[in-house]
Amino acid sequence: MLEKDTQEIIDSDIAAEKHVKEEVKKNKLIVYVVALVAALSGLLFGLDIGVISGVLPWLDKYWGTTPETDEFIVSSMLAGAFAGSLISGYFSRKFGRKKAILISAVIFGIGSILSACAPGPNTMITIRFFLGIAVGIASFTAPLYLSEMAPQRIRGALISMYQLMITIGIVLAFLSDTFFSYGEHWRWMLGILVVPSIIMFIGIMFLPESPRWLLLKSKRKKAQEVLRRLRNSELEVEAEIADIEKNLEEKQDGKKLFHNKNFRKALYLGVALQAMQQFTGMNVVMYYAPKIFKVVGFASSSQQMWGTVLVGFINVLATFIAIAFVDKFGRKPILYIGFLVMGLAMSVLGFMFYFGVETGASPALQYAAIGTLLIFITGFAMSAGPIIWVICSEIYPLAGRDLGVTVSTATNWLCNAIVGATFLTMLNSLGHDVTFWIYGGVNLSVIIILYKFVPETKGISLEKIERNLLSGKRLKNIGQ
Ligand code: BGC
């Protein structure tokens, strides 16, 4: 009898455990669906970065654009993204994360169609500025939404997934550009982006609003409902609500914090990190890859386009290196390796130009140049690409996080615009060799800044980083 009872208890325990495990799975699936849809805005970000490289050669051909006009066309989107990122904090606070992403999807869609119909360079520049505003809003709001929806244990992975979506967006744009280049349908390259915008709009409509924002607007009941769908138990839901409410008491007061010297140090670090990411020269390759292939001696459009697709794929694949090792080896070792690889690759490319690769003298040298370019891409994607975003989401005290992330994201776009607006001019005025040497030198110098100022933030809670920072510890040591 007793044995039977014990067996029953064991059986019911096993059944309960199984039920809990299933619940965990079920909830996790919902979280991943939410994450996937939200990360679609990363895809759009990537598509808009990637698409222009394939369009430029046709604008040169049909509109007779000069390198200066090309630079304007590239960087107008980036200037728009700079403006968008500046207003995004206000936007996502006032209207909610979901509405902010929805609005950006609408601007993406309309902007894609309009840019496909642009009658000339000036309209194209204006429309791309408008499109950029959407990219800027999405680049701030989507990672914020993701981090607010994710259970703590997979937060890092979800932010890295966002970067992965950017790289996938870039390669998809390269592929579709290549496809349309066969019929010289460059307007389709731009117009097709309306499709992912619509998919994103519909997907986002079905997503719940962020519980943190709902609590910010005192909608406790709704926040509870959302969290119940995302978390595994009532206990987890209540603990998270209590946590958020406690955090919200500590009002976002970036302006007041700005007077705090230690907070300003974190802001400078965020600005420096994003500037360092952009001045690697990564986006030079993203925007002007077909031109670089041409300069290196690959004359046909199809060679240039497929070469660009290869660049995009390497960018996606190497991002997995960062995802795999960022929590194992830490942020700094990976950044050291990445910047060393990028610095050497850019310098070697400079030498290749110096020895005449652009004259197409030797096919072996041409292939070596492409190989070096791919090594550079690997260096970026395994390090600066994802890790700079990760560190920038970790170093700000909670009360100043909105301001901090706004400022560093805006810096990313501003420096991106500077790089996009100066590369061709640098090539033409300084020469190919010197331009690449400058980028090489910048990448190598970053190693000193990394050593002197950048903290290792692996495996430490955000609260501890905050305490260390505000107690006046040196930046380099706030992760200890
Ligand atoms: C950068 C973008 C860049 C992309 C390339 C991102 O981390 O912020 O500027 O185009 O990586 O994969």
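The values are calculated or read from the model by the stated rules, or taken from the named source; none is laboratory data. Remember, it's a predicted structure, so these values are computed and weren't measured experimentally. Using ideal geometry, Cβ is built from the backbone for each residue, glycine included, and neighbour counts are taken over all protein chains shown. Keep in mind that these areas ignore ligands, DNA and RNA; they rest on the heavy atoms of the full protein, side chains included. Shrake-Rupley method; radii C 1.70, N 1.55, O 1.52, S 1.80 Å.
Name the residue that is nearest to the ligand (Cβ to nearest atom), counting only residues in the stretch 278-303 that are under 19 Å from Phe179 (Cβ atoms) and in a loop (DSSP other than H, G, I, E, B).
Looking at residues that are under 19 Å from Phe179 (Cβ atoms) and in a loop (DSSP other than H, G, I, E, B), I get Phe298.
Could you list, in sequence order, all residues of the stretch 430-444 that are touching a Ser or Thr at 6+ places or on another chain (Cβ under 9 Å) and open to solvent by 10 Å² or more (accessible area, probe 1.4 Å)?
Selection gives Trp437, Tyr439, Gly441, Val442, Leu444.
How many residues does the stretch 167-208 contain that are within 16 Å of the ligand (Cβ to nearest atom) and of a type in the set (Asp, Glu)?
Count: 1.
How many residues are part of a loop (DSSP other than H, G, I, E, B) and within 30 Å of Ala381 (Cβ to Cβ) if we restrict to the stretch 170-197? Write out each step before concluding.
From the stretch 170-197, those part of a loop (DSSP other than H, G, I, E, B) are 182-185, 192-193; that's our starting set.
If we keep only those that are within 30 Å of Ala381 (Cβ to Cβ) as well, we get 182, 185, 192-193.
Qualifying residue count for the region: 4.
Take the residues in the stretch 324-374 that are among the β-branched types (Val, Ile, Thr) and in a helix (DSSP H, G or I), then tell me which one is farthest from Gly431 (Cα to Cα).
Ile334
Restricted to the stretch 372-391, and to residues that are open to solvent by 20 Å² or more (accessible area, probe 1.4 Å), modelled with pLDDT of 90 or more and within 12 Å of the ligand (Cβ to nearest atom), which residue is farthest from Tyr90 (Cα to Cα)?
Thr378
Report whether or not Ala369 is more than 30 Å from Arg264 (Cα to Cα) and away from the ligand (no atom under 16 Å from the Cβ).
Details: more than 30 Å from Arg264 (Cα to Cα): yes; away from the ligand (no atom under 16 Å from the Cβ): yes.
Yes.
Could you please let me know if Thr319 is under 23 Å from Lys294 (Cα atoms) and of a type in the set (S, T, N, Q)?
On the way: under 23 Å from Lys294 (Cα atoms): no; of a type in the set (S, T, N, Q): yes.
Judged against the criteria, Thr319 is not a match.
Among the residues of the stretch 304-323, write down those that are closer than 15 Å to Gly338 by Cβ and either crowded, with 19+ Cβ neighbours inside 10 Å or away from the ligand (no atom under 14 Å from the Cβ) (or both).
Hits for the stretch 304-323 are Ile314, Asn315, Ala318, Thr319, Ala322.
Here is a list of conditions, (1) out of contact with any Gly (no Cβ under 7 Å at 6 or more places or on another chain); (2) open to solvent by 30 Å² or more (accessible area, probe 1.4 Å); (3) away from the ligand (no atom under 12 Å from the Cβ), and Asp402 meets all of them except one; can you say which number that is?
Going through (1) out of contact with any Gly (no Cβ under 7 Å at 6 or more places or on another chain); (2) open to solvent by 30 Å² or more (accessible area, probe 1.4 Å); (3) away from the ligand (no atom under 12 Å from the Cβ) one by one, Asp402 breaks only (1).
Given the residues Lys217, Lys222, which is the only one that is out of contact with any Leu (no Cβ under 6 Å at 6 or more places or on another chain), more than 30 Å from Ser302 (Cα to Cα) and more than 16 Å from the ligand (Cβ to nearest atom)? Break it down into steps so the answer makes sense when it comes.
Working: Lys222 fails: out of contact with any Leu (no Cβ under 6 Å at 6 or more places or on another chain).
Exactly one of Lys217, Lys222 is out of contact with any Leu (no Cβ under 6 Å at 6 or more places or on another chain), more than 30 Å from Ser302 (Cα to Cα) and more than 16 Å from the ligand (Cβ to nearest atom), namely Lys217.
Every residue, every condition in (1) without any contact (Cβ under 8 Å) to a residue 60 or more places away in the chain; (2) assigned to a loop (DSSP other than H, G, I, E, B), yes or no:
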residue: Ile199; (1), (2): no, no
residue: Pro208; (1), (2): no, yes
residue: Val226; (1), (2): yes, no
residue: Arg229; (1), (2): no, no
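For the stretch 140-161, does any single residue satisfy the condition of being in contact with a Leu (Cβ under 7 Å, 6 or more places away or on another chain) and under 27 Å from Gly307 (Cβ atoms)?
The answer is no, given that none of the residues of the stretch 140-161 is in contact with a Leu (Cβ under 7 Å, 6 or more places away or on another chain) and under 27 Å from Gly307 (Cβ atoms).
Where in the stretch 392-480 are there helices (runs of 4 or more DSSP H), lying fully within it, with 1 or more residues that are closer than 30 Å to Ile292 by Cβ and either at pLDDT 95 or above or not polar (S, T, N, Q) (or both)? Let's see the steps before the verdict.
Details: elements: 401-430, 432-453, 462-470.
Output list reads 401-430, 432-453.
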